[in-house]
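Some notes on the structure that comes next.
The values are calculated or read from the model by the stated rules, or taken from the named source; none is laboratory data. All values derive from a computational prediction rather than experimental measurement. We place every Cβ from the backbone using ideal geometry, glycine too, and count neighbours over all the protein chains shown. The accessibility values were calculated without ligands, DNA or RNA, using every heavy atom of the protein model including side chains. Shrake-Rupley method; radii C 1.70, N 1.55, O 1.52, S 1.80 Å.
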Amino acid sequence: MADPQQAPRQLCCREAGSAGASWYLALLGLAEHFRTSSPPKVRLCVHCLQAVLPRKPPARMEARTHLQLGSVLYHHTRNGDQARGHLEKAWLISQQIPQFEDVKFEAASLLSELYCQENSVDAAKPLLRKAIQISQQTPYWHCRLLFQLAQLHTLEKDLVSACDLLGVGAEYARVVGSEYTRALFLLSKGMLLLMERKLQEVHPLLTLCGQIVENWQGNPIQKESLRVFFLVLQVTHYLDAGQVKSVKPCLKQLQQCIQTISTLHDDEILPSNPADLFHWLPKEHMCVLVYLVTVMHSMQAGYLEKAQKYTDKALMQLEKLKMLDCSPILSSFQVILLEHIIMCRLVTGHKATALQEISQVCQLCQQSPRLFSNHAAQLHTLLGLYCISVNCMDNAEAQFTTALRLTTHQELWAFIVTNLASVYIREGNRHQELYSLLERINPDHNFPVSSHCLRAAAFYIRGLFSFFQGRYNEAKRFLRETLKMSNAEDLNRLTACSLVLLGHIFYVLGNHRESNNMVVPAMQLASKIPDMSVQLWSSALLRDLNKACGNAMDAHEAAQMHQNFSQQLLQDHIEACSLPEHNLITWTDGPPPVQFQAQNGPTTSLASLL
């Protein structure tokens, strides 16, 4: 959604027009002095403002004073009851005063924020609807209130109502001649349609947005920020569809765009059209967001060192921003970055670090119930992946089952089911459950999501199951389908996994030459990613292949590599299982545990569950 461009909240004195109101000016000046002190002297500021009311000032002065008191109490104290009382009075009084829009609508906006903070959403919605209804002659406030109500519906997961409001806002912005804000409304609507997976509606909307953004001539930073918003939606759309290769031109444009923005200076000149007084995100937040989508791309493509590099940059930038800015979106960015880098660590053989970062995500979620609600399924999925990496299959199953119960996101559901199927395959005695899962992610028939990457992974899981069943020709068919799909979109990790499994099949069948043709490129690709498990598997196959072919030197070299990989993985395994955070694998219900208590060895249990 969009945010208003606001000056610092100054205590205003427009109602003090006569010399008779000098007492009011004096009190207001003192209040502003105390408010802007470092640190702010909030109690003294409030006392000065409260001193205005017993003098029975005119209605305009009274309404503005209630707004000022409500605003100071809301932003600088935890006294919600008093803040609410003042804002309600400001809203009530200002509605009776003509041409008093700034006080009237700011009171409505702040009061609805406060209601939402107090979980009184049912009080906030009618208030905003009334304010929207009576603000149609005030473009800035009408647009701002529409954005605010759409945001409220989005937080409630009522995306249909939110989309309707954003559509109303786009049409209103067009009528009042603000193509910039029209684009913001449409892009926000496009973002929600992507969340709802309404792809048939998204494509024409994004096409229209692209035309509006390119044709709009205005403030360079505003124009570039619209382009960033537009390109972020395009990139995430491609990544959701698992199209890692197809996204590259858009991602490159996005990276160039953010470089352009970083060289532009903020213009102090306000737009002539009051409906244009909005921005999507601050420049610094946009930079972090571009790092984030770059990490998402690198993770999917299997460029894990690149993902690590951009994660480090983004997290460093986030730490600096969080010192000055408590915006919830920064914590969301941090959690999503950590979720991706945790998956990278598990692939590269750094389980202990991954576990500590999972614990870090838990701590961030403890600070925000909404953040936990949005990321609980992902958190349990990451724990499931960690459990697989340390061979705790029962715990992996419990974590994935919990994640499935918590998610409504189709792509995440398919990802979890695919990994749960791999657990059942490894256990070897869960055929009934496995057949049920495989039927739900059948890549040949009615695959549940449009993701190219997930469909390719479903073919791989089928191939893996057929291999364990000894149905080698069937396995080869599935794996060749995986290879075809992963090569088409540069899905390097799936390519490496498919090659090494095909190499293993050919080895079992006695076709050593064909096996070597698969295993050597698998090893090269796994080293490039780097994927420690595929390197371990490939080196074992190369050792056995070279032994079978009488290549003693090559067999010795491969055996040495295999031993090195085994030692690294074993040491990391022992370190991870010895951490108190390892006890997280038993957590399957409620909020994240607060404390971990280390005991003797890796079989410790969560202190909070004892």
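Considering the stretch 444-470, and only residues there that are among the aromatic types (F, W, Y) and surrounded by fewer than 21 Cβ atoms within 10 Å (Cβ to Cβ), the residue that is modelled with the highest pLDDT turns out to be F468. State whether the residues of the stretch 238-257 include one that is within 30 Å of Q136 (Cβ to Cβ), touching a residue at least 24 places away in the same chain (Cβ under 8 Å), over 19 Å from the mean Cα position of the chain (by Cα) and in a helix (DSSP H, G or I). The answer is no; no qualifying residue exists.
The set of residues in the stretch 139-153 that are of a type outside the set (S, T, Y), farther than 13 Å from A108 by Cβ and open to solvent by 20 Å² or more (accessible area, probe 1.4 Å) comprises P139, Q151.
Answer yes or no as to whether H279 is over 18 Å from A170 (Cβ atoms) and open to solvent by less than 70 Å² (accessible area, probe 1.4 Å). It is false that H279 is over 18 Å from A170 (Cβ atoms) and open to solvent by less than 70 Å² (accessible area, probe 1.4 Å). Among residues of the stretch 454-472 that are in contact (Cβ under 8 Å) with a residue 12 or more places away in the chain, those with a beta-carbon under 7 Å from a residue that is buried (at least 23 other Cβ atoms within 10 Å of the Cβ) and of a type in the set (F, W, Y) at least six positions away or on a different chain give the pairs L454/F415; F459/F478; R462/F478; G463/F478; S466/F478.
Note on the stretch 480-516: residues that are in contact with a Phe, Trp or Tyr (Cβ under 8 Å, 6 or more places away or on another chain) and either part of a helix (DSSP H, G or I) or among the hydroxyl-bearing types (S, T, Y) (or both) total 15.
Just give me the residues in the stretch 161-213 being without any contact (Cβ under 8 Å) to a residue 12 or more places away in the chain and open to solvent by 50 Å² or more (accessible area, probe 1.4 Å), in sequence order. Across the stretch 161-213, the qualifying residues are D164, E171, R174, V175, K198, Q200, E201, H203, P204, T207, Q211. Just name the residue that is farthest from S450 (Cα to Cα) out of those in the stretch 179-213 that are at pLDDT 90 or above and among the basic types (K, R). Top of the filtered list is R182. If you go through the stretch 122-138 and pick out every residue that is assigned to a helix (DSSP H, G or I) and open to solvent by 30 Å² or more (accessible area, probe 1.4 Å), you end up with 7. Each residue in the stretch 28-68 was checked for being in a helix (DSSP H, G or I), touching a Pro at 6+ places or on another chain (Cβ under 9 Å) and surrounded by fewer than 18 Cβ atoms within 10 Å (Cβ to Cβ), and 0 pass. Here L379 fulfils each of the conditions (1) surrounded by 23 or more Cβ atoms within 10 Å (Cβ to Cβ); (2) in contact with an Asp or Glu (Cβ under 6 Å, 6 or more places away or on another chain) apart from (2). Screening N473 on (1) surrounded by 15 or more Cβ atoms within 10 Å (Cβ to Cβ); (2) of a type outside the set (K, R); (3) part of a helix (DSSP H, G or I) shows it passes everything except condition (1). Scanning the stretch 402-432 for residues that are within 18 Å of D589 (Cβ to Cβ) and surrounded by fewer than 20 Cβ atoms within 10 Å (Cβ to Cβ) yields a total of 4. For P530, which of the numbered conditions (1) touching a Leu at 6+ places or on another chain (Cβ under 8 Å); (2) closer than 24 Å to F459 by Cα; (3) in a helix (DSSP H, G or I) fails to hold? Every listed condition holds for P530 apart from (3).
Residues being charged (D, E, K, R), modelled with pLDDT of 90 or more and surrounded by 15 or more Cβ atoms within 10 Å (Cβ to Cβ): count how many of those fall in the stretch 214-244.
Adding up the residues that qualify gives 3.
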